[in-house]
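Colleague: Handing you a structure now.
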Amino acid sequence: MAMNYWYNESEEIRMRAEMNTRPGLAIFLFGRPEVLRGNQPLPPLATQKTQSLLAYLIIHCNRSHLRDELAALFWGDRDDAHAHHSLTTALWRIRRLLGKEYLLSDSTRVQFNPHSTFWLDITEFEKRVKRIPANPADLAAAVDLYRGDLLEGFYDDWCIEERYYLESLYLDALKRLVDWHEARSNWGEVLVYTQKYLAHDSLMQNMHLARIRAMLALGDRAGARHQWQVCCETRQQELHALPSPEVLREAEDLLGAEFTIPLLIEPLPEKKPPPWNRLERPPFVGRRQEMAVLQALWEQAAQGRGHMVFISGEAGVGKTRLTEEFAAMVRWHGGMVAHGHCFQSEHILPNQLLGEMLRDLVRQENEILLGLPAWARNELARLVPEWNPPKVQPTSSTGPLQADQQSILFTAMVTLIRQFASQSPLLVVLEDLHWAAETTLAAIHYLVRRTGDVPVLYLATFRPEDVFQNPALSSITAQLTRDGLAQNLALERLTREEIAELVQRTMNAEAGYGNRLYDHTQGNAFYTIETLRALAGAPLPEGRLPVPDTVRDLIQSRLEQLSPTAREWITWAAVAGRAFDLELVRRACGVDENTALEAVDELLRQGFLCEASGMAGSDYEFVHQLVHQATYMGIHHRRRRRLHRLIGEAMEGLIKDHSLAASTLAYHFDTSGEFEKALQYHDLAAQVTAIDFAWQEAEEHLGRMLWLIEQLDPQQGDSEYLHRRGQILIRRAELHSLQARLKERDADLEALNTLADNHCDEYLRLQTRIQRARFLNLDARYEQAISVAREGLVLAEQLQDIATHSYLLTQIGFAHYFLGKPKSALFSLDAALRMTPETDSETRRHILHILGYVHFHLGNFGCALACQQESLAMHQTIGDYNGMIWAGLDMAATFQKMGRMVEAAEYLNRYLQLAQHIGARSAEVYGRIQLGSWYLCQGNYPAAEETFSQALASQEGLRTEHARVAAEVGIGFAFYHLGYGAKAQDWFEQAVGRARPIQHLRRAVEALIGLGMIACDSGQYPAAHTFLGEAVAIARESDCRGNLAAGLAALARAERHCGNLSLSLAHASEATRIAEEIGWPAIQMWGELENGLTRLSQGDPETALVHTRRAVDLAPQCDESWVGSEQVYRAHSRVLQALGRIEAANEAERFFEGILESKADRILNPKRRQHYREFAKRNI
């Protein structure tokens, strides 16, 4: 909708003169707000929020307002204390400007005094347009009062409806004036009022027709034709439609032979806002092309095609102003906008930008946060602690499950963004991304990729000159752009013509001033505005403009014009940070509240500060980072150190929970030279950032701690500092491990070992053994892990450290499990469990988890299930979703082995979906492997092959060699059952080659069994005996009874094909017995099948029938992963035929054919389907 900037200047002067005869105030809220006392305009209030508050109180002066409601309405993005403080400050400004008599207030309520002496343009306007009977003079006066829309340039929610209502009255008054004058043939007045109407609503066809009639009446046929062309072009540009049929007919009647429907469309000239001689918010000039690009991308995003725009440009070129103007346009059209900022001095604060963005979103619609799943709210509270602050606790070493938590947090953010975008198209503005930490950039990358199908547009600004210091930003911009998810928009400096327009619209300057200014600033918008601010109100100098060459000098020259109080205040504020809390600076510098408010008010008016834009706990911020930087660098370095100390001490007194500001406190005390306090807060900040998965930031804090300890204890003679060095190295090694930076991890461990040896410190030696044992296990170096852990046990005994003793036993048990020594593993794990208190769920849940693996390996599926259930319950109590997923998926695998297929499917679906939902990547890979196994069990071999392949591809970047082996074995069995022996052999050989070095014996046995079955099917019996003999031997040695039974069943088949029937019968009987003992029906069925076929080969069909019938009975609770159930029915049919029971044999054969065809139907490719049929019919 176009704005009306036209007004009758003489009528306004007349009304103002009329106002000057009355005492009190004249208040103008149409257009830019203005207040006059007599004939003198009062200075504008320092902030736009305060202006908006005053307008709200004036318009609603008929009632009082609760302070709580006003604080929430105008400062809802802040906590209650800061919101009320901002309200109090704003009311103080209003009283100081207008006088105490204009505000009525107490401790709970506020009201603009309706009995005070004031005149309001809105009241006068409404009185005149609503007067009955209508008077054209009143309507004309009302139209003249309407200088522009209500509170032009303000976009607070409260004023939008008021603005629409008053605009509708204004348009109605214009329509009545047009009708009145047209009825009396006052054609000149018709042209005046239709022009005003169309300036607001260019699509009103009746107004175009009225202008055409007036022009024709005045003899201006050319003007009438042009007006008709404007009418048609506007309709086509805005609505992509012609005028209505009725309008077309009337226009044709009016224009006659000159009537046409224009086809060529040229853009209508942009209507410029009125000039105002002020620089509190300079006019927006240029950027038409950039705005058009953003508008097109917004329209695309609104259709559900999310996108990212990287807006780059040098400091001060106008990136922030472009995003502000576009955001205002989005809000005007009903979109939702969220902002986030990065700041240089707070670069060690993890995820500052993300937290600010989330606060801004939830401030606008809190119900959406409440509607999120509990897990998502809990994760988001890591970024916004006041939602549900997590307790700070030391990072625990819980094994490889921990690394997935970062993607859980990112997925929670995606969930929130999707919820908001489902309500309204969403614009997310992320400013100064060149200062963003790697963690923040990773989150943004994740968000953009996961929201490409929702109506959201991201705008991210950055300075290209600073990108070289942030390679992660270069990487994600390149990746997203290459993948079509983002594009770059580079801002150039303003042109000479645009600078001239800026000058013309901000100050009365002689011709050529714009050129002189452009030559000086070279089109940098910020430099230009700062120069204009420095010269505002001063006579134009002759010759060269007296502005320093650098912005720092320019800002320093402006600082020198401040009062001493304001100059001192901004010095303290610069040390506090780019954004700061008024009470913090006031307390640090020791001034009273009134002095502080006076100083801030001056700085706001002079354009150094502005109200903070949604940052938690900040009242104000510097208008530009260059202003902050120049002010800060102008302070002598010795005074800077003192001010940092005083700011830090004031912050300690203000903030109860120091963990919420640990990074900032560390920064202030570090910079001030207070190393002991800095060490304390770097330690706390490292804990907080690690909990938030901001590992790079945590690493920075730990590195700084090492440097500080070096300054405090350069000779390494203090044992307390010595142990702190060791703990820091341990924590940093853990962070390096989580990021797969193994060389750096090992370097930290070596430094820890050297520290321990140099000082002969037994405690540090024990800590070295603990960490080395754990990381050796993760690196699949199990023998070394056991050796190191045993060295640690000796030290733990000496130091009487029971907790460490238990932990080392767990690591030994873990290593023995993977080495295929389950009894040794059980011994260590049981001992660890016994010495761990029942109340220590954190430790016990991990011991039980590993115990479940060991019992599964042993074939003790009942015990495995019990351990997994207890571990799952503890994970649920603690709220560890990642641990819940792993335990739930393990239970699905155990249920599958036990033939409890319904429960297996239930647990698999539930916990795989949860893994996908929260973005737990390693767990999702594990779940996909389980899903592939499920498809194998169901005989859906194509789906199994595809799922295992997906799981294998998903492991890029993950150190999960065991999962790779599992996926390779699964792919091998899928191809084997489909009849592609050569492909299956390649995958089995690859799996064996990967499993041997890491000693993953259980999977190695499975792959060897697969190779033996392929060799047997192809008649290579010596090779089959070699593979299967090795598999059985390894399974016996490692006590893997389930795989031992499978290997014996496969070996029975090989011996039967070779004619060694006695050996075949022995192997089959042992396989059946073991499978029955451990409760694995699939292998029991296979053993009975081989028993029956061997008996048949021995010429004993009666005994054979006993075994094949048992196999048939077991088939419903078995899976199809080792042998297909169709083979059981084919074997049963042969035995029945041998006994002459033809009808029963035919029935069994029909079962065989039915199962075979149901499996074949799942194979989409006809050739592969036929190949499978042929293979399955001969494979028995």
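The values are calculated or read from the model by the stated rules, or taken from the named source; none is laboratory data. Treat the numbers as computed from the prediction; the structure is a model and nothing was measured. For neighbour counting, all protein chains shown are included, and Cβ atoms are generated from backbone atoms with ideal geometry for every residue, glycine included.
Colleague: Inspect all residues belonging to the range 650-669 and state whether any of them is closer than 21 Å to GLN629 by Cα, more than 31 Å from the chain's Cα centre (by Cα) and without any contact (Cβ under 8 Å) to a residue 60 or more places away in the chain.
Modeller: yes
Colleague: Could I ask something else about it? Within the bounds of the range 94-101, is there any residue that is surrounded by fewer than 15 Cβ atoms within 10 Å (Cβ to Cβ) and either at positive phi or outside any helix (DSSP H, G or I) (or both)?
Modeller: Within the range 94-101, one or more residues are surrounded by fewer than 15 Cβ atoms within 10 Å (Cβ to Cβ) and either at positive phi or outside any helix (DSSP H, G or I) (or both).
Colleague: Criterion first (surrounded by 14 or more Cβ atoms within 10 Å (Cβ to Cβ) and either more than 31 Å from the chain's Cα centre (by Cα) or modelled with pLDDT of 60 or more (or both)) does PRO283 satisfy it? Show your work before the answer.
Modeller: Numbers: surrounded by 14 or more Cβ atoms within 10 Å (Cβ to Cβ): yes; either more than 31 Å from the chain's Cα centre (by Cα) or modelled with pLDDT of 60 or more (or both): yes.
Yes: the conditions hold for PRO283.
Colleague: Specify which of the listed residues (MET215, MET204) is surrounded by 17 or more Cβ atoms within 10 Å (Cβ to Cβ) and under 28 Å from ASP149 (Cα atoms).
Modeller: Values: MET215 fails: under 28 Å from ASP149 (Cα atoms).
Of the residues listed, the single one that is surrounded by 17 or more Cβ atoms within 10 Å (Cβ to Cβ) and under 28 Å from ASP149 (Cα atoms) is MET204.
Colleague: Scan the range 436-443 and tell me whether some residue there is part of a loop (DSSP other than H, G, I, E, B) and not assigned by TED's automatic domain parsing to the domain that holds GLU697. It would help to see each step written out before you state the result.
Modeller: Filtering the range 436-443 for residues part of a loop (DSSP other than H, G, I, E, B) gives 436-437.
Filter again for not assigned by TED's automatic domain parsing to the domain that holds GLU697, leaving 436-437.
The answer is yes, given that some residue of the range 436-443 is part of a loop (DSSP other than H, G, I, E, B) and not assigned by TED's automatic domain parsing to the domain that holds GLU697.
Colleague: Within the range 47-79, restricting attention to residues that are more than 32 Å from the chain's Cα centre (by Cα) and of a type in the set (Gly, Ala, Ser), which residue is surrounded by the most Cβ atoms within 10 Å (Cβ to Cβ)?
Modeller: ALA55
Colleague: Follow-up question, since we're still on this one. Which of the residues spanning the range 1129-1146 are part of a helix (DSSP H, G or I) and either within 58 Å of the chain's Cα centre (by Cα) or in contact (Cβ under 8 Å) with a residue 12 or more places away in the chain (or both)?
Modeller: Just the residues of the range 1129-1146 that are part of a helix (DSSP H, G or I), to begin with: 1129-1138, 1142-1146.
Once the filter is applied, which keeps residues that are part of a helix (DSSP H, G or I) and either within 58 Å of the chain's Cα centre (by Cα) or in contact (Cβ under 8 Å) with a residue 12 or more places away in the chain (or both), the range 1129-1146 yields TYR1129, ARG1130, ALA1131, HIS1132, SER1133, ARG1134, VAL1135, LEU1136, ALA1138, ALA1145, ASN1146.
Colleague: What do you reckon, is TRP228 in contact with a strand residue (DSSP E or B) (Cβ under 7 Å, 6 or more places away or on another chain), modelled with pLDDT of 80 or more and either surrounded by 15 or more Cβ atoms within 10 Å (Cβ to Cβ) or aliphatic (A, V, I, L, M) (or both)?
Modeller: Numbers: in contact with a strand residue (DSSP E or B) (Cβ under 7 Å, 6 or more places away or on another chain): no; modelled with pLDDT of 80 or more: yes; either surrounded by 15 or more Cβ atoms within 10 Å (Cβ to Cβ) or aliphatic (A, V, I, L, M) (or both): yes.
So TRP228 fails the test.
Colleague: Kindly indicate whether ARG516 is modelled with pLDDT under 80, over 19 Å from SER312 (Cα atoms) and not in a loop (DSSP other than H, G, I, E, B). Please lay out each step first, then the result.
Modeller: On the way: modelled with pLDDT under 80: yes; over 19 Å from SER312 (Cα atoms): yes; not in a loop (DSSP other than H, G, I, E, B): yes.
It is true that ARG516 is modelled with pLDDT under 80, over 19 Å from SER312 (Cα atoms) and not in a loop (DSSP other than H, G, I, E, B).
Colleague: Among the listed residues GLN798, GLN784, GLN771, which satisfies the condition of being closer than 28 Å to HIS723 by Cα, modelled with pLDDT of 90 or more, in contact with an Asp or Glu (Cβ under 7 Å, 6 or more places away or on another chain) and assigned to a helix (DSSP H, G or I)? Lay out the reasoning, then the answer.
Modeller: Details: GLN784 fails: in contact with an Asp or Glu (Cβ under 7 Å, 6 or more places away or on another chain); GLN771 fails: in contact with an Asp or Glu (Cβ under 7 Å, 6 or more places away or on another chain).
Going through GLN798, GLN784, GLN771 in turn, just one is closer than 28 Å to HIS723 by Cα, modelled with pLDDT of 90 or more, in contact with an Asp or Glu (Cβ under 7 Å, 6 or more places away or on another chain) and assigned to a helix (DSSP H, G or I): GLN798.
Colleague: Same structure again: I'm checking my understanding of the structure. Among residues of the range 289-328 that are in contact (Cβ under 8 Å) with a residue 24 or more places away in the chain and among the acidic types (Asp, Glu), which one is farthest from GLN423 (Cα to Cα)?
Modeller: So the residue we want is GLU314.
Colleague: Any idea which of (1) without any contact (Cβ under 8 Å) to a residue 12 or more places away in the chain; (2) buried (at least 19 other Cβ atoms within 10 Å of the Cβ) is the one ILE444 doesn't satisfy?
Modeller: Result: ILE444 fails condition (1) only.
Colleague: Given (1) more than 24 Å from SER1158 (Cβ to Cβ); (2) modelled with pLDDT under 95; (3) of a type in the set (Asp, Glu), identify the lone condition not met by GLU1070.
Modeller: Unmet for GLU1070, out of (1) more than 24 Å from SER1158 (Cβ to Cβ); (2) modelled with pLDDT under 95; (3) of a type in the set (Asp, Glu): (2).
Colleague: In the range 650-679, how many residues are of a type in the set (Asp, Glu) and surrounded by fewer than 18 Cβ atoms within 10 Å (Cβ to Cβ)?
Modeller: Narrowing the range 650-679 to residues of a type in the set (Asp, Glu): 652, 657, 670, 674, 676.
Narrowing the set further to residues that are surrounded by fewer than 18 Cβ atoms within 10 Å (Cβ to Cβ) leaves 652, 657, 676.
Total satisfying the criteria: 3.
Colleague: Can you go through GLN1117, GLN1170 and tell me which one is exposed (fewer than 15 other Cβ atoms within 10 Å of the Cβ), farther than 15 Å from TYR941 by Cα and either modelled with pLDDT under 95 or hydrophobic (A, V, I, L, M, F, W, C) (or both)?
Modeller: Numbers: GLN1170 fails: farther than 15 Å from TYR941 by Cα.
One residue alone meets the criteria, GLN1117.
Colleague: Can you name every residue in the range 808-830 that is at pLDDT 90 or above and in contact with a Ser or Thr (Cβ under 8 Å, 6 or more places away or on another chain)?
Modeller: Correct list: LEU809, THR810, ILE812, GLY813, HIS816, SER828, LEU829.
Colleague: Related question: So, in the range 238-255, exactly how many residues are in a helix (DSSP H, G or I) and either closer than 14 Å to LEU209 by Cα or at pLDDT 85 or above (or both)? Walk me through it before giving the result.
Modeller: We begin by selecting, within the range 238-255, every residue in a helix (DSSP H, G or I); these are 238-239, 245-255.
If we keep only those that are either closer than 14 Å to LEU209 by Cα or at pLDDT 85 or above (or both) too, we end up with 245-255.
Matching residues across the range 238-255 total 11.
Colleague: Restricting to the range 548-604, name every residue that is surrounded by fewer than 18 Cβ atoms within 10 Å (Cβ to Cβ), within 39 Å of the chain's Cα centre (by Cα) and of a type in the set (Lys, Arg).
Modeller: Matches in the range 548-604: ARG552 only.
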